[in-house]
Amino acid sequence: MVEKHAPEKMQANFKHIVRVANVDLPGEKSVLFALTKIKGIGLRFANAACTIAKVQKGAKIGNLPPEQVAALDKVVANPLAHGFPSWMVNRRKDYETGEDKHLLTGNLNFTQENDLKRLKKIKSFRGMRHIHGQPTRGQRTRSNFRRNKGKVVGVAKKKAAPAAGPKK
């Protein structure tokens, strides 16, 4: 009897943990989904990185030879140098340098915090919304974002008038 979904055979050089972009990735996951464990990389970016690095997307990342892992690492570290379009990176026209970048892990967190501090410091509209804990992109606030305001506000019913009895 042949199994329909036979698991991929573990090779002798299988690695349970693979390091890409200074992040430990689980070796039993496919390359496409393992790359999404890196902060700053989503499915589309991972798909493009696998295509450019010429790595099979469905292969287990623990079974990849070191050359392919190194190629993936280079593409993820500097995607613009390997042919990624500029619209696909997560930081276009950086505030300080004006160049397009793709930030990962700690650099991404650090840059986001600095951007928010800058907005708050110059007291821009978005900065003020961040200070007050309000949404910054135009959402309505009457029914959503209640954690900032308290419990749900309902409408109180009027007390029913006593039923009119027979007239005397």
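Please state, rounded to one decimal and in Å, the Kirkwood hydrodynamic radius that the range 41-92 gives when every pair of distinct Cα atoms enters the mean of 1/r.
11.4
For the range 65-168, run through the chymotrypsin sites (Phe, Trp or Tyr not before Pro) and keep only the ones in DSSP coil with at most 15 other Cβ atoms within 10 Å of their Cβ.
Values: sites: Trp87, Tyr95, Phe110, Phe125, Phe145; in loops: Tyr95, Phe145.
Passing both the DSSP loop test and the Cβ count: Tyr95, Phe145.
Assigning unit charges at the beta carbon (Lys, Arg +1; Asp, Glu -1) and nothing else, what dipole magnitude in debye, to the nearest 20, does the range 17-87 show about its Cα centre?
Dipole of the range 17-87, to the nearest 20 debye: 160 debye.
Treating the beta-carbon of each Lys and Arg as +1 and of each Asp and Glu as -1, no other charges, what is the dipole magnitude of the chain about its Cα centre, to the nearest 20 debye?
Roughly 2180 debye for the chain.
Please give, to one decimal in nm, the separation of the simple spin-label points placed at Thr105 and Gln134, each 7 Å out from Cα toward the Cβ.
It works out to 3.9 nm between the two label points.
Going by amide H atoms built from the backbone, whose H comes under 5 Å of the H on Leu25, apart from near neighbours?
Counting only residues 5 or more places away or on other chains, the set is Val18, Arg19, Val20.
Among 49-61, 130-142, 13-25, what's the highest-first ranking by average C-beta atoms within 10 angstrom per residue?
So the peptides 49-61, 130-142, 13-25, ranked by packing, come out 49-61, 13-25, 130-142.
Please compute one quarter of the surface area of the Cα convex hull for the chain and express it in square nanometres.
Convex hull of Cα atoms, orientation-averaged projection: 22.2 nm².
Using +1 at the C-beta of Lys and Arg and -1 at the C-beta of Asp and Glu, which of Ile122, Gly138, Phe33 has the Cα lying farthest in the positive direction of the dipole of the chain?
Gly138
Amide H of Lys101 versus every other amide H placed in the peptide plane: which residues, excluding those fewer than 5 positions away on the same chain, fall under 5 Å?
For Lys101, whose amide H was placed from the backbone, the distant partners under 5 Å are Arg91, Arg92, Lys93, Asp94.
Scan the range 92-168 for GluC sites (Glu not before Pro) in coil per DSSP, keeping those whose Cβ has at most 10 other Cβ atoms within 10 Å, and list them by number.
Glu96
Given R₀ = 35 Å, what would the calculated FRET efficiency be for Arg92 paired with Asn13, taking r from the Cβ atoms and rounding to 0.05?
Efficiency, from the Cβ-Cβ distance: 0.35.
Can you give the FRET efficiency for Ala156 and Lys120, using 1/(1 + (r/R0)^6), R0 = 45 Å, r = Cβ-Cβ distance, to the nearest 0.05?
0.70
Of Gly62, Ala46, Val155, which is farthest towards the positive pole of the chain's charge dipole, taken about the Cα centre with +1 and -1 on the beta-carbons of Lys, Arg and Asp, Glu respectively?
With unit charges placed on the Cβ atoms, the residue in question is Val155.
Return the equivalent ellipsoid semi-axes of the range 82-168 as a descending list in whole Å, where each equals the square root of 5 times an eigenvalue of the C-alpha gyration tensor.
After diagonalising the Cα gyration tensor, the semi-axes are 53, 15, 11 Å.
Only the coordinates and a few stated rules stand behind these numbers; no lab work does. Everything numeric here is computed off the predicted structure, so don't read it as measured data. Methodologically, a virtual Cβ is constructed for each residue, glycine included, from the backbone with ideal geometry; neighbour enumeration extends over all protein chains shown.
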